[in-house]
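Here the structure comes first, spelled out in structure tokens, and everything after it is commentary.
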Amino acid sequence: MNKLAMLPLAALIGMSVFGTAALSDGLSFKKAYDPTPADVLSDPKYMNLDAIMAKFNDGVAKGVYGSGKPMTLAFSQVVMNHPVRINMVETFKSNCAKFSNVTCYVTEGTGEVGVELANIESLIQRKPDAMVISSLSGTAVYPGYEAVIAAGIPLLMNNSGIPDDSANIPYTSFMSPDDWENGKLLGQYMADKLGGKGDILVIAGVAESSNYDFRLGGFMEAINKYPDIHIVGQQSGAWIRMPAMTATVDLLQANPKIDGIYAMNDEMGMGVLAALRNAGREDGVVMVSVDGQKDLVEEILKGSAAKASVYWDSDMDRVVAAALAVVEGAKIDKNIFYHEKLITQDNAQAFLDRIKK
């Protein structure tokens, strides 16, 4: 079977160059990798991430941000059924609480776009000085983005929900771990572990999100260099453990020989491990995933089929810092990506020690 035969059209078009994935129906997201324009870099109010964090940390030490004027931030979270999403909300609140002059409002979504749009509208009515949105709803949430812009509120997007190139939504900044680079790191690791040949499965997230497109695009960029690696099946695990387990069970039944599995996040990876164990097929399988979730890293440490993950930082300190800087007039990069190293058995204990601190 051709290694791309099981992939949807959205994953097949133009994924050979880092950061230039054209993913069908106008959804390319490629401008996320455009460099910051020279006029922004030369603006006297420009602040890079280091400067943003220095001002933030100075404010933390004093208990007051910047000039001390009252500021209000709002955060619309798309869903609360995943440890990453819960942590984002908790750390948004805790970082705002470090400053006596900062108030925050948060709405928690259900994953339904109607609820998400209603939440965004309710936050607009509170007239915050800046709005953070993290969405998995694709183009369906764009009216919400447009309403924020129309209200004159700076829009920052965190970790997912970046608009595609055709939407022309003038957001202030998109901040996220680099999902394309993470996918590429994991694809190369799997290819190396498999010796450049083998049959693999993909347990995917929700299509039409930038997380899905970037994680798949980066992975395929690496895998495409190896003609003897074949993707023989792909199903969505919806980013959640139980759906991922069900999808893996179906794919294992259809494929008596599997060498590797790419789960697009660790929560789904835990479901993959459960399916492999229930089928008695864990031995000899290389599984890789994304997030650096504690229970998955513990599986890496003990030598299970989970061989590698990459940390996906969901703490909101940098996002809150950037939003506050914007409220005080700073110009910042339109797209800010964070980079982490692979977590393997060699460094899993050090990583677990790090996240305990």
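The values are calculated or read from the model by the stated rules, or taken from the named source; none is laboratory data. A quick note: this is a predicted structure, and the numbers were derived from the prediction, not measured. Please note: Cβ atoms are built from the backbone with ideal geometry, for glycine as well, and neighbour counts cover all protein chains shown. Just the protein is used for accessible areas: all its heavy atoms, side chains included, with ligands, DNA and RNA removed. Shrake-Rupley method; radii C 1.70, N 1.55, O 1.52, S 1.80 Å.
Expressed as a whole percent, the accessible area of the chain that falls on carbon and sulfur atoms is 53 (1.4 Å probe).
Think of each Lys and Arg Cβ as +1 and each Asp and Glu Cβ as -1; about the Cα centre, that makes the dipole of region 65-192 roughly 620 debye. Taking a Cβ cut-off of under 14 Å around Leu252, the surrounding Lys, Arg, Asp and Glu residues balance to a net charge of -2, with basic ones at +1 and acidic ones at -1. If R0 is taken as 22 Å, the Cβ-Cβ distance between Asp346 and Asp283 corresponds to a FRET efficiency of 0.60.
Straight-line reach from Lys127: taking Cα to Cα under 27 Å and skipping same-chain neighbours fewer than 8 places apart, the lysines in range are Lys45, Lys55, Lys62, Lys69, Lys93, Lys98, Lys331, Lys334. I want to verify the translational diffusion coefficient of the chain in µm²/s; compute it with Stokes-Einstein, Rh as the Kirkwood radius over Cα pairs, at 20 °C and 1.002 mPa s. Reported coefficient: 102 µm²/s.
Contact order for region 67-162, expressed relative to its length and based on alpha carbon pairs under 8 Å spaced 6+ residues apart, stands at 32 percent.
Quick one: what do you get for region 108-207 if you divide its Cα Rg by 2.2 N^0.38 Å?
Working: Rg = 17.5 Å, N = 100, 2.2 N^0.38 = 12.7 Å.
Cα Rg divided by the expected 2.2 N^0.38 Å: 1.38.
Give the relative contact order (percent, whole number) for region 179-276; include only Cα pairs under 8 Å separated by 6+ residues. It rounds to 35 percent for region 179-276. In the chain, the DSSP beta bridges split such that about 5 percent are antiparallel, to the nearest 5. The mean accessible area for residues of the chain, using a 1.4 Å probe and ignoring ligands and nucleic acids, is 40 Å² per residue.
Cα gyration tensor of region 170-297, axes a ≥ b ≥ c as square roots of the eigenvalues: rounded (a/c below 1.5), prolate (a/b > b/c) or oblate? Cα axes put region 170-297 in the oblate bin.
Which of the lysines could be linked to Lys257 by a straight reach, that is with a Cα gap under 16 Å, when you skip same-chain ones fewer than 8 residues away? Those lysines meeting the cut-off are Lys3, Lys197.
Can you list the residues, at least 5 places off or on another chain, whose amide H is less than 5 Å from the amide H of Val202, using H built in the peptide plane? Under 5 Å from the amide H of Val202 lie the amide H atoms of Gly233, Gln234, Gln235, Tyr262, each far enough along the sequence or on another chain.
Dividing the helix sum by the residues of the chain, where each DSSP H run of 4 or more adds -39500 (n - 2.57), gives a mean residue ellipticity at 222 nm of -12000 deg cm²/dmol.
Mean separation of Cα pairs under 8 Å and 6 or more residues apart, divided by the residue count, gives the chain a relative contact order of 20 percent. Dipole size of the chain about its Cα centre, with +1 on Lys/Arg Cβ and -1 on Asp/Glu Cβ: approximately 520 debye, rounded to the nearest 20.
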